[in-house]
Number of protein chains: 2
Amino acid sequence: MGRKVLLMIADGLGDWPYELLDNQTPLQYATTPHLDRIATNGMTGLMDLYQAGIPVGTDLGHLTLFGYLYENYPGRGPVEAAGKGIQLFEGDVAFRCNFGTIDEDRVVINRRAGRIRQGAKELAEALNDIEVEGVKVIFKEATEHRAVLVLRGTSLSDQITDTDPKKEGIAAKKARPIDDSFESKRTADILNKVREKFEEILKDHPINQKRVEEGLLPANTILTRGSGKLTNMPKITERLNFTACCIASEKTVLGAATLAGFDIRTDLSFTGNIDTNIEKKAAYAVEALKSYDFVALHYKAADLMGHDGNIEGKVQAINRYDELAGYVLKGIEQEINDEVIIGLAADHSTPCARYEHSGDPVPVVISGKVIRKDKVTQYNEIACGEGSLNRISGPAFTTSLLDYLEKTIKRGS
Amino acid sequence: MGRKVLLMIADGLGDWPYELLDNQTPLQYATTPHLDRIATNGMTGLMDLYQAGIPVGTDLGHLTLFGYLYENYPGRGPVEAAGKGIQLFEGDVAFRCNFGTIDEDRVVINRRAGRIRQGAKELAEALNDIEVEGVKVIFKEATEHRAVLVLRGTSLSDQITDTDPKKEGIAAKKARPIDDSFESKRTADILNKVREKFEEILKDHPINQKRVEEGLLPANTILTRGSGKLTNMPKITERLNFTACCIASEKTVLGAATLAGFDIRTDLSFTGNIDTNIEKKAAYAVEALKSYDFVALHYKAADLMGHDGNIEGKVQAINRYDELAGYVLKGIEQEINDEVIIGLAADHSTPCARYEHSGDPVPVVISGKVIRKDKVTQYNEIACGEGSLNRISGPAFTTSLLDYLEKTIKRGS
C-alpha cells in the first residue's frame, strides 16, 4: 500500500461576508459536510498564492499550485498554447488572441468579433501555418472568440507590447518593442507584418462574407496580448520524479497543468459552470488515483459566480462542490487501497462584491490519516484562520502537500 | 458609493507587560472601547514593520506603512528635507542636522546648543543659500535645535560618515568617505568646508553674541547625520493611481508621507503630545475622507511616553487615542456615505522599560463591512496574536489594506 495525493481546487472560492448571508461568506453559509469532514481530519490555514493583498490570475494561481515558482511565470500566451495542446519549443513566442472587428481606420468596433463561435475554426485554419520572413506562424482557435498565436523562428523576443487596446472605440495598436534589443524590434516588426497578412486573408474570407450578409460582425483582425516564452524551469514531475494528472475543463488550467508536466483528463460534460458533471469528475479523479501519484481536480463554478456578483449562485456552486467532494470521498473509500492525502485549495478569491479577483487569502486544508489534526472542524475563510498551517504561501502549501509523497529533496544531509 | 481607506497610526504603541498594570501591557490596560469595536469588526494580527526582532525608526516605519519598500529607503536626511517642504532633485544629498555647541578644541559641549529655539530661524537664514566649490548649500531650521542641510551640485555622494559624535565631551568629527569613489571623497571634502564656513558665520552672529551675554550656550557649529539621496522608487500613489492624504504634526511623518506622494494636512494645535487637539484631528480625517481614497491619521503621544519610560502616561496617551478613534467613528457615521475600511497600526513598539524602539511586532487590524471577521474582539498585543492576519510583514499589511481600493495590480492574468 502506497500513498497518493489528491488536490481539490475550487476556482475563485474565497469571498467576503454579506448581509444577505447573515454576515457570513458564501463558503461559511453553504452546506459543506464533506469539506468540513476533510478539514476536521487535517490541518488548516489561509494561503497567499503570491503575496498578501496581491490578486493573481487563474494562470499564475494554478501554476503556483502545480509547483511553478513566480520567477518562472512564462506569461499567459504559453499557458494558453499548452492548453490548446501546442507543444512549445525553446525560443517560441506565444500570444493569447481574440478575433476582433475593426473599421477602415483600424478602430476596434468589437474586441470579440461579436463573440464569434461558428466558423472560428475555419478562419483559424486559413491563418495557420503561414510564414513571414522565415518565421513560422502557428494559429489555433480556442474557446469562442479566443485563439492562440505562436511565432517560431530564430532571434525572437517576448518583450513586445499588446496590440489589443483593451477598449473599444479606439484604434488597434501596433506591436512595439519593450526593450532596446534587436530581437524585440525584430519580433514587433514581424508581428505587425503577420497581422497585416492576417487581415488580408480575413478580409475576403467566405466565413466573413457570410457573417456580413447575416448582419453579424466580421472577424477581420487578430488582437494579441500576454506574449511569453517558455522558461527554463524543469517540470516538477521530472524534478521530484512523480506522476501527476489534472482533471478540468478550463483550457487555462489544463495548460498550466501541461506546463507543469501533468497528464490531463477532460470531458465534454465538464463545463465551467454549476451544471458540470460532478459524478463523472469524481469518477475520473478516483480512477486517476489508481495510476498516478498526484491528482488535481479542478472545479470552476465558484469563480464564475464571483465574477457575476451572484452571491446566492456562489452558495449553490459551493454546495455542489461539496457534493463533488462527497462523491470523491465515497469513491476513495470503495476503490482505493492506497492511503490518500487530500488537499483543499483555491487559486484566488473572487469576491462577489468585487466582481474580480482580490488579494484576500484562500482557505486550505491538508488532510489524511498521517496528517496532524488541528482543532478546526470547518472549511471556510474564518475557521481556517485558526488552523496550524497558519498563513502559508502558495509554494509552501504545494511543497508541504508533495512531501507526503516522500519524494521531496532533503536539504543538508 | 465607493470605498475609502483610513489608516490610524499610533506611534510607538507596542509595549511590554508591567507589574504596575497587573502584568498587562499599556494597550491591554487602557480603556479602548472604540479600538476594540474596530478590532471586533475585522481581522487582526501582529505586524513586523521590517523583520521580527529588528527595531525600525519612525522614518522607515512610516515609509513602510505608506508603501515604500525597505530596499528604497532613502536615509533620514531626505525624509526630514521633505518634512520641511524642501523639494529634492536627483543627485541632491540631504542631512539631518543639530545646532551644537563646541569649545576652542572643537569638543562638543552640548549636542543641541542648549535646545535652542528662539533665533534658530535667523541663524539658519544666515547659513542658507551659500556656495562652496560650485555646490549650492540649502539650510533650513526644523523643530527646536534641529535643522536640514541639502547639498546640490554635480557628482555628490551620500556615502559619507556623520559628523555628529552622538556623545558630548568628545570632538566633533570630520566627514569621511565610506567608499573609495571620487564622489564620496569630494562630498566629504565639501561638507567639511561647508562646516568651516558655517562656523565662521555662526561665531560672531548677533544671535550667538546675545546668547552668550544671557549665559546661554552659543549655537556655534552644525552636526550632521543621516545623509541620503532620493531613490528611484515611483510614488505609490502614482504607481497604483490613488489619492492620499496624511494628517500629522510630526515633521518626519509628514516628510515620509510627502515622499510617498501623499498630500499633507497639519495644524498648530496638533502637538506631538497628549494635549494634541484630537477633535480637530478627527474632523480633518473625516473631511479628508470626502475627497481622498486613502487617509493616514497619525498620533504621536504613545511613543513619547515610551521614550520617557512613563508607563502610566502611556496608558493615558492610549486612552486619548481611543477617544480620537471615537470621534473618527462618529464623524464617519454622520458624514461619510462611502464604505470606509479602517486600518489600525503602529510604526514600531516603544516599550517604557526600554526607553527606545524595540523589535517587538505591533498589533494591527483591517476592519469594515466587507472584511472577514475573526474571533478577536480586543485591540492589543496579546489578543491580536490570535487573529487571522496572523504574523504579517509591514509591506504585506499595507498591500492588503490597499487591495480594498481595488487598484492593486494583478499578477498573471
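The figures follow:
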item: Complete set of residues in region A:109-129 that are part of a loop (DSSP other than H, G, I, E, B) and either in contact with a strand residue (DSSP E or B) (Cβ under 7 Å, 6 or more places away or on another chain) or open to solvent by 30 Å² or more (accessible area, probe 1.4 Å) (or both); result: A:Arg111, A:Arg112, A:Ala113, A:Gly114, A:Arg115, A:Ile116, A:Arg117, A:Gln118, A:Asn128, A:Asp129
item: Count of region A:389-402 residues which are within 12 Å of chain B (Cβ to nearest Cβ) and open to solvent by 10 Å² or more (accessible area, probe 1.4 Å); result: 5
item: Exclusive hit being within 13 Å of chain B (Cβ to nearest Cβ), of a type outside the set (Val, Ile, Thr) and in a loop (DSSP other than H, G, I, E, B), set A:Gly53, A:Gly77, A:Gly45, A:Gly85; result: A:Gly53
item: Selection count where residues are of a type in the set (Ser, Thr, Tyr), in contact with a Ser or Thr (Cβ under 9 Å, 6 or more places away or on another chain) and either more than 14 Å from chain B (Cβ to nearest Cβ) or not in a strand (DSSP E or B) (or both), scope region A:350-364; result: 1
item: Residue among A:Asn41, A:Asn23, A:Asn72 that is under 22 Å from A:Arg225 (Cβ atoms) and of a type outside the set (Gly, Ala, Ser); result: A:Asn72
item: Criterion violated by A:Lys314 - all others in (1) among the charged types (D, E, K, R); (2) open to solvent by less than 30 Å² (accessible area, probe 1.4 Å); (3) farther than 13 Å from A:Cys352 by Cα satisfied; result: (3)
item: Among the candidates B:Asp347, B:Asp322, residue that is open to solvent by less than 10 Å² (accessible area, probe 1.4 Å), assigned by the TED database to the domain that holds B:Asp275 and assigned to a helix (DSSP H, G or I); result: B:Asp322
item: Subset of region A:403-413 that is touching a residue at least 40 places away in the same chain (Cβ under 8 Å) and open to solvent by less than 70 Å² (accessible area, probe 1.4 Å) - its residue that is farthest from the other protein chains (Cβ to nearest Cβ); result: A:Leu405
item: Looking only at region A:365-382, and only at residues there that are open to solvent by 20 Å² or more (accessible area, probe 1.4 Å) and within 14 Å of chain B (Cβ to nearest Cβ), the one that is nearest to B:Arg391 (Cα to Cα); result: A:Ile382
item: Any hit, region A:316-339, residues being within 14 Å of chain B (Cβ to nearest Cβ) and modelled with pLDDT of 95 or more; result: no
item: Cβ-Cβ under 9 Å pairs, at least 6 apart or on other chains, region A:295-308 side more than 19 Å from A:Ala256 (Cβ to Cβ), far side open to solvent by 10 Å² or more (accessible area, probe 1.4 Å) and assigned to a helix (DSSP H, G or I); result: A:Met305/A:Ile311; A:Met305/A:Glu312; A:Met305/A:Val315; A:Met305/A:Gln316
item: Residue that is surrounded by the fewest Cβ atoms within 10 Å (Cβ to Cβ) [pool: residues in region B:210-254 that are touching a Pro at 6+ places or on another chain (Cβ under 8 Å) and not in a loop (DSSP other than H, G, I, E, B)]; result: B:Val212
item: Conditions (1) in contact (Cβ under 8 Å) with a residue 12 or more places away in the chain; (2) at negative phi; (3) surrounded by fewer than 20 Cβ atoms within 10 Å (Cβ to Cβ): number failed by A:Tyr355; result: (2)
item: Hits in region A:1-42 - residues which are more than 14 Å from chain B (Cβ to nearest Cβ), surrounded by 22 or more Cβ atoms within 10 Å (Cβ to Cβ) and over 21 Å from the mean Cα position of the chain (by Cα); result: A:Lys4, A:Ala30, A:Thr32, A:Leu35, A:Ile38, A:Ala39, A:Gly42
item: Tally of residues being over 26 Å from B:Lys410 (Cβ atoms) and in contact with a Ser or Thr (Cβ under 9 Å, 6 or more places away or on another chain) across region A:1-43; result: 8
item: Tally, over region B:354-393, of residues that are within 27 Å of A:Asn72 (Cβ to Cβ) and under 20 Å from the mean Cα position of the chain (by Cα); result: 1
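Residues checked against (1) touching a His at 6+ places or on another chain (Cβ under 7 Å); (2) away from chain B (no Cβ under 14 Å); (3) on the phi > 0 side of the Ramachandran plot; (4) not hydroxyl-bearing (Ser, Thr, Tyr):
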| position | (1), (2), (3), (4) |
| --- | --- |
| A:Asn192 | no, yes, no, yes |
| A:Leu202 | no, yes, no, yes |
| A:Ser227 | no, no, no, no |
| A:Thr271 | no, yes, no, no |
| A:Ala288 | no, yes, no, yes |
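The values are calculated or read from the model by the stated rules, or taken from the named source; none is laboratory data. From a predicted model like this one, the values you see are computed outputs, not experimental measurements. Glycine gets a Cβ as well: all are built from the backbone with ideal geometry, and neighbour counts include every protein chain shown. Just the protein is used for accessible areas: all its heavy atoms, side chains included, with ligands, DNA and RNA removed. Shrake-Rupley method; radii C 1.70, N 1.55, O 1.52, S 1.80 Å.
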